[in-house]
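K.L.:
Below you will find the structure I want to go over with you.
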There are 2 protein chains.
Amino acid sequence: MPTQFDPPSGTRDFLAADWETRENAFARIRSVFARYGFEPLVTPAFERLDVLLGKYGDDGDKLIFKILRRGEHEGTGEADLALRYDHTVPLARVAAAYGSQLPTPYKRYAIGPVWRADRPGRGRYREFTQCDLDTLGTTSVMADAEVICAVHDVLAELGLSGFQFLLNSRRVLAGLLEAFGVPDELGPGVLITLDKLDKLAPGEVIAELTGRGLPEAQAASLVGALTAGDAVEQISDALKGSDEGAAGLDEVDALLSVVGGQVPGDRVVFAPRLVRGLSYYTGPIWEVAAAGGAGSLAGGGRYDHLIEQLGGPDVPATGGSLGMERILLLLPQEGTGHTRLDVAVTIMDELHAPRSFAFAAAARDAGLRASVYLGSSGKLGRQLKWASDTGARWALIYGNAEEEAAAVTVRDMTSGEQTAVPLSGLSDYLADLAARPAG
Amino acid sequence: MPTQFDPPSGTRDFLAADWETRENAFARIRSVFARYGFEPLVTPAFERLDVLLGKYGDDGDKLIFKILRRGEHEGTGEADLALRYDHTVPLARVAAAYGSQLPTPYKRYAIGPVWRADRPGRGRYREFTQCDLDTLGTTSVMADAEVICAVHDVLAELGLSGFQFLLNSRRVLAGLLEAFGVPDELGPGVLITLDKLDKLAPGEVIAELTGRGLPEAQAASLVGALTAGDAVEQISDALKGSDEGAAGLDEVDALLSVVGGQVPGDRVVFAPRLVRGLSYYTGPIWEVAAAGGAGSLAGGGRYDHLIEQLGGPDVPATGGSLGMERILLLLPQEGTGHTRLDVAVTIMDELHAPRSFAFAAAARDAGLRASVYLGSSGKLGRQLKWASDTGARWALIYGNAEEEAAAVTVRDMTSGEQTAVPLSGLSDYLADLAARPAG
């Protein structure tokens, strides 16, 4: 397509077939969330600039699309509004604004576009759908379990398989640092490095840890424990010496026992190496690894102070986010299923047009998608070509011959078979067609 | 709510109940459009600024939310993108971009937010949903008829009544000016004044027409014909002397005959006074008047050159737009129907939590909305209060007594009646509950 008609860089136009695939997925997701008692929340596309700025540091601020002031203020070149960057900052604002009107706990989901001025690339867009679910106002580990199970059910409902939930707790990580004698001031940096264990060789991670100031023997024993064949046992043993670590292990055990009862046994595992980059997590954290190491499909955790940091009330919270654009790419292809019509109605001449229009209406009354021919050709061949292009299963033909016989010719577009249906019986006939399974 | 937590001026947060009302309406509308063979089209929230600017004159440009350039260019205070103002300019861009990939004719609908920096007021928002359907690529009056019938079916499907389609044609108006001897150069101004016949007295309209340079006798005879009790007959007679007027009348007659066959007789009338302000219409025009003169619910018409003027290819087009925010206000209230759960499951202590969680999962498997209690109270009364707050129809209670009896207590939240259901029979029992009609 010529450049000047492209959608803006990093955005997409969704024509019918693509949109329907997405909407089907979203409808299934909404249905799973609703079964868990999560409610929809829809906030405006833009927020006041001060609501968005400074919430995710300078790097976050750079990705914000800012909206210019209007009217006499346009010339200042200043912005006062900005497109939402995620669904979490608006959630914090809503929690502050509607406080007591919201149920306690407040379980909400948000599915909708967010905008980030990132460099566009394969699978990375500037307008993309983010799909979040969060529970505010409870510290219960059952809330974490609900989020994890809902995300599991969504992935299963969408037809994905082979994925695995990796489960950990920030308290396990804190206990780990304590158990291996990592000085407090090195803790955050050590976690950032440990997060690379999936990408770097153990030796490289040890080198980076020593570079951060951790004595080599400590670094080696920490990395050794985390990468051992029996890492879970080694780590669990080590954690028993730390209050925080023991509490973290209890959290993980509680989650495994509740979630493990609901999902197939191998789909959720304790992963003591899982760090997740975001510093705001405070309790359980989890990530869904796609089959074959194709990256992460979803992730989340408990973030008991973030809502307050984002400008909301001081409420505990836990939640998760689905990587929708990646998930949509993995969905089983539903074939070439997209058609525009079930019934295509010819218009042989102006005189018969009102009748043809009424036949299309009768087909719609029967629940079928139907339209009359809107082109200028009076030739049956051209009109049947159009009918075929729409993917219609049947064509209704009505001209002089049919008028004389007080009948409509119904053509099966697959077999080419034609049936003369008396006008008086057309509604029943259409109802029968509507009841036939597709394909 | 404190001002600083408000959504930005002219925008709204939609909590669950409000959103569900809207979504139900949109789902019904999409279903009607699909039955007519209209396809969804979803374009990005923003377009390149040059795509949007200058399309609806200076007044239009003033209402555009512009997005500041990013990174090193932010300091220039210049904009390069802007939020979409309507669905028609993006449609023109899409028609240019995907030309031959689109079906002919291209019948599409668009339901989604648009943004205008208008002064917010009662029922007037800066972010609001626009709902358009348009057919590109055909001059057939059947395409106009389809749009009108689809809009009619939407309004009927939404439960509205008492509305009326006012039907006219720009060619009727052109013929009218010709028949009453209005000089060409006065034509556009005269139409603008005639558009006020609903608000001003005939004498005031005549005065304004003479102010525009029309001789008083002509102005009086024009206004007299349009406001007469038998206006339709008088105008029809007058038009017969004009080729353009006769062609317009034929158009209106064809529409009345096709549409009139599908909708109740009094719901569509010829309204020779209908002008509709927008100068881009070229053929049939129509408007839906709400019951009791509460304004217009929808409007549209044929605009055979607009797509080209907006930067698209030179294709004929016809379409319509539903005033969704106004329509949503008129919808029959569905009662206080919003509930969050069907089944609320107590958690009496940590020991019983996994079991309770499994009961909630079983209820979801039966298709019910279910959640466990996420609060910190171990008291049954508090937990039943929560169950009641969620609107749940049933509570499931499982504690020591139930464990000993290998049963679950199912409490009917309306009657307070309690039933002990053996664990082995719980799935079947929940399936029975799921099959019971609500309320």
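K.L.:
To the nearest 10 degrees, how steep is helix B:353-365 against the longest Cα principal axis of chain B, on a 0 to 90 scale?
P.N.:
40
K.L.:
Quick one: what does P(r) look like for the range A:283-439 with 10 Å bins over all Cα pairs, in whole %?
P.N.:
10, 28, 17, 9, 12, 14, 9, 1
K.L.:
How shielded is B:256-262 by partner chains, expressed as the average number of their Cβ atoms within 10 Å of its Cβ atoms?
P.N.:
So the per-residue partner count for this stretch is 4.
K.L.:
Say R0 is 30 Å: what FRET efficiency, to the nearest 0.05, do residue B:74 and residue A:279 get from their beta-carbon distance? Working shown, then result.
P.N.:
Values: r = 27 Å, r/R0 = 0.90.
For residue B:74 and residue A:279, the calculated efficiency is 0.65.
K.L.:
A further question follows. From the gyration tensor of the Cα coordinates in the range B:229-284, what semi-axes in whole Å does the equivalent ellipsoid have, largest first, with each one equal to sqrt(5λ)?
P.N.:
19, 15, 12
K.L.:
Counting residues in chain B as N, plug N into 2.2 N^0.38 Å and put the Cα Rg over that result.
P.N.:
Normalised Cα radius of gyration, chain B: 1.32.
K.L.:
Run through all the Cα pairs of the range B:157-216 and give the fraction in each 5 Å bin from 0, expressed as whole percent.
P.N.:
Distribution as computed: 4, 15, 23, 21, 14, 7, 6, 5, 4, 1 percent.
K.L.:
Along the charge dipole of the range A:116-243, pointing to its positive end and built from +1/-1 on Cβ of Lys, Arg, Asp and Glu, which listed residue (A:203, A:172, A:239) has its Cα farthest out?
P.N.:
Positive-most Cα among the choices belongs to A:203.
K.L.:
By how many degrees, between 0 and 90 and to the nearest 10, does the Cα long axis of helix A:141-157 differ from the longest principal axis of chain A?
P.N.:
Compared with the principal axis, the helix lies near 40 degrees.
K.L.:
Only four residue types carry charge here, +1 at the Cβ of Lys and Arg and -1 at the Cβ of Asp and Glu. Report the dipole size of the range A:181-284 about the Cα centre in Debye, rounded to the nearest 20.
P.N.:
About 320 debye.
K.L.:
Using +1 at the C-beta of Lys and Arg and -1 at the C-beta of Asp and Glu, which of A:261, A:158, A:248 has the Cα lying farthest in the positive direction of the dipole of the range A:150-290?
P.N.:
A:158
K.L.:
Here's something else I'd like to know. Using only Cα atoms, figure out Rg for the protein assembly as shown and give it as a multiple of 2.2 N^0.38 Å.
P.N.:
Dividing the Cα Rg of the protein assembly as shown by 2.2 N^0.38 Å gives 1.10.
K.L.:
Taking a 1.4 Å probe, which of A:270, B:165 shows the most accessible area, and what order do the others take after it? Mind showing how you got there, number by number?
P.N.:
Numbers: A:270 30, B:165 5 Å².
Per-residue accessible area, sorted high to low, gives A:270, B:165.
K.L.:
A further question on this structure: May I ask you to report, in nm to one decimal and beginning with the shortest, the distances from residue B:61 to the same position in the other copies, taking label points 7 Å along Cα-to-Cβ?
P.N.:
Those label-point separations list as 3.2 nm.
K.L.:
How much length, in nm to one decimal, is gained on full extension between residue B:217 and residue B:325, taken as 0.36 nm per residue of separation minus their Cα-Cα distance?
P.N.:
Additional length available on full extension: 34.6 nm.
K.L.:
OK, next. Is the C-alpha gyration tensor of the range A:361-439 telling us rounded, prolate or oblate? Criteria: a/c under 1.5 is rounded; beyond that, a/b larger than b/c is prolate, otherwise oblate.
P.N.:
On the way: a/c = 1.56, a/b = 1.09, b/c = 1.42.
Taking the square roots of the gyration eigenvalues as a ≥ b ≥ c, the range A:361-439 is oblate.
K.L.:
Quick one: divide the alpha-carbon radius of gyration of the range B:67-116 by 2.2 N^0.38 Å and tell me what you get. Provide the component values of the computation, followed by the final result.
P.N.:
Numbers: Rg = 15.3 Å, N = 50, 2.2 N^0.38 = 9.7 Å.
For the range B:67-116, the normalised Cα radius of gyration is 1.57.
K.L.:
If you don't mind, there's one more thing I want to ask. Using a Gaussian network for chain B with springs between C-alpha atoms less than 10 Å apart, which of these wobbles most: B:132, B:253, B:389?
P.N.:
Maximum among the listed residues: B:389.
K.L.:
Kindly report, to the nearest 10 Å², the accessible surface of residue A:269 as traced by a 1.4 Å probe over protein heavy atoms only.
P.N.:
Around 50 Å² of this residue is reachable by solvent.
K.L.:
Arrange the residues A:279, A:356, A:377 by how much accessible surface each exposes, largest first, with a 1.4 angstrom probe.
P.N.:
A:279, A:377, A:356
K.L.:
Note the angle between two axes, namely the Cα long axis of helix B:170-179 and the longest principal axis of the Cα atoms of chain B, as a number of degrees from 0 to 90, rounded to the nearest 10.
P.N.:
20
K.L.:
Please calculate the 1.4 Å probe accessible area of residue B:51, with all protein chains present, and give it to the nearest 10 Å².
P.N.:
Only protein atoms counted, so the area is about 20 Å².
K.L.:
Per-residue accessible area for residue B:280 at 1.4 Å probe radius, Å² rounded to 10?
P.N.:
Roll a 1.4 Å probe over it and residue B:280 shows about 50 Å².
K.L.:
When only the heavy atoms of the protein chains count and the probe is 1.4 Å, how do A:321, B:242 rank by accessible area, highest first?
P.N.:
Working: A:321 35, B:242 0 Å².
Descending accessible area places them as A:321, B:242.
K.L.:
Which distances in nm, rounded to one decimal and ordered from shortest, link the label point of residue A:99 to the equivalent label points in the other identical copies, with labels set 7 Å from Cα toward Cβ?
P.N.:
Once sorted, the set of distances for residue A:99 reads 6.0 nm.
K.L.:
Compute, for the range B:250-409, the length of the dipole vector about the Cα centre, with Cβ point charges of +1 (Lys, Arg) and -1 (Asp, Glu) only. Units Debye, rounded to 20.
P.N.:
With only Lys, Arg, Asp and Glu charged at Cβ, the dipole is about 540 debye.
K.L.:
Okay, next question. So if I place +1 on the C-beta of Lys and Arg and -1 on the C-beta of Asp and Glu, and nothing else carries charge, what would the dipole magnitude of the protein assembly as shown be about its Cα centre? I want it in debye, nearest 20.
P.N.:
Dipole of the protein assembly as shown, to the nearest 20 debye: 0 debye.
K.L.:
222 nm [θ] for chain B, helices only, -39500 (n - 2.57) per DSSP H run of 4+, per residue, to 500? Write down the numbers at each step before the final one.
P.N.:
Details: 17 runs with 175 residues, N = 439.
Calculated from helices alone, the mean residue ellipticity at 222 nm is -12000 deg cm²/dmol.
K.L.:
A further question on this structure: What is the distance in Å between the Cα centres of the range A:120-186 and the range B:241-290?
P.N.:
59
K.L.:
Per residue, how much space in cubic angstrom lies within the convex hull of the C-alpha atoms of the range A:1-159?
P.N.:
Roughly 168 Å³ of hull volume per residue.
K.L.:
Okay, moving on. Which of A:102, A:173, A:331 ends up with the largest GNM mean-square fluctuation for chain A, with Cα atoms connected below 10 Å?
P.N.:
In this elastic network of chain A, the residue with the biggest mean-square fluctuation among A:102, A:173, A:331 is A:102.
K.L.:
Go ahead and set up a Gaussian network model of chain B, Cα springs under 10 Å, then flag whichever of B:295, B:320, B:367 fluctuates most.
P.N.:
Result: B:367 has the largest fluctuation of those listed.
K.L.:
Follow-up. Per residue of B:106-116, how many C-beta atoms from partner chains lie within 10 Å of its own C-beta, taken as a mean?
P.N.:
Mean shielding by partner chains, rounded to a whole number: 2.
The values are calculated or read from the model by the stated rules, or taken from the named source; none is laboratory data. Fair warning: this is a prediction, and the values are worked out from it, not measured in the lab. Positions of Cβ are backbone-derived with ideal geometry, glycine not excepted, and every protein chain shown enters the neighbour counts. Surface accessibility is based on the protein's heavy atoms, side chains included, excluding ligands, DNA and RNA. Shrake-Rupley method; radii C 1.70, N 1.55, O 1.52, S 1.80 Å.
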